[in-house]
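Encoded as structure tokens, the structure appears first; notes follow it.
Read the figures in this text as sums done on the coordinates, not as results from a lab. A quick note: this is a predicted structure, and the numbers were derived from the prediction, not measured. Cβ atoms come from the backbone with ideal geometry, glycine included; neighbour counts cover every protein chain shown.
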Amino acid sequence: MSEKPAKTALTPATHTTPPAKFSHGVRKGNILQVAGQVGFGPAVEGQAPTPVGPGLREQTLQTLANVDAILKEGGASWEDAMMIRVYLTDTAHFAEFNEIYNEYFTFLQQAPAARTTVYVGLPAGLLVEIDALAVLG
């Protein structure tokens, strides 16, 4: 009987410790799940996380950077991403979001499956949340 791979919680130095019992990312074997990330800037000791700006572009780029940091912390890259889920607070943001997303991912050899869903329950000031599932190897 083979040993099960360990589950490893991932919190990059750029991220604050989660406020509840969850991890920013978890890797088990060759599977890495990135929890929903938002447009909070890098962690500053003693300060609460805050959005990088009020606009969709800056929040989206920071959110993607936050997902990327967790992928890297777990030994993965966007090329390993199988699914990216995007949650927007407003359907009016779809077109602008898709433009930003397409610009950001011009380097990808193979696009992952993606799903965009409107989600109206993000904390005040946040416009986008993104999570990702990666398979390594």
Quick one: pull the percentage of alpha-carbon pairs in the chain with a separation above 27 Å. 19
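Which of rounded, prolate or oblate describes the range 94-137 when judged by the alpha-carbon gyration tensor and an a/c cut-off of 1.5?
Here the range 94-137 falls in the oblate category.
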So for the chain, averaging the separation of alpha carbon pairs under 8 Å that are six or more residues apart and normalising by length, what relative contact order in percent results? 31
What shape does the range 14-65 have by the C-alpha gyration tensor, where a ≥ b ≥ c are the square roots of the eigenvalues, rounded means a/c under 1.5, and otherwise prolate means a/b greater than b/c and oblate the rest? oblate
Report the net charge of residues surrounding Thr8, where surrounding means a beta-carbon distance below 10 angstrom and charges are Lys +1, Arg +1, Asp -1, Glu -1. +2
The range 65-137: relative contact order as a whole-number percent, Cα under 8 Å and 6+ apart: 52
Filtered hits (lysines, Cα-Cα < 21 Å from Lys4, offset >= 8 within chain) -> Lys28
Integer Hz, Karplus 6.51/-1.76/1.60 couplings in order for the range 118-131, x for Gly and Pro: 6, 9, 8, x, 6, x, 3, x, 8, 10, 8, 9, 9, 10
Under a 5 Å amide H to amide H cut-off, with H placed in plane at 1.01 Å, what residues pair with Asp90 once short-range neighbours are removed? Tyr119
Taking only Cα atoms, what is the 0 to 90° angle, nearest 10, from helix 56-73's long axis to the longest principal axis of the chain? 10
How big is the dipole moment of the chain about its Cα centre under a simple scheme where the beta carbon of each Lys and Arg is +1, that of each Asp and Glu is -1, and everything else is neutral? Debye, nearest 20, please. 540
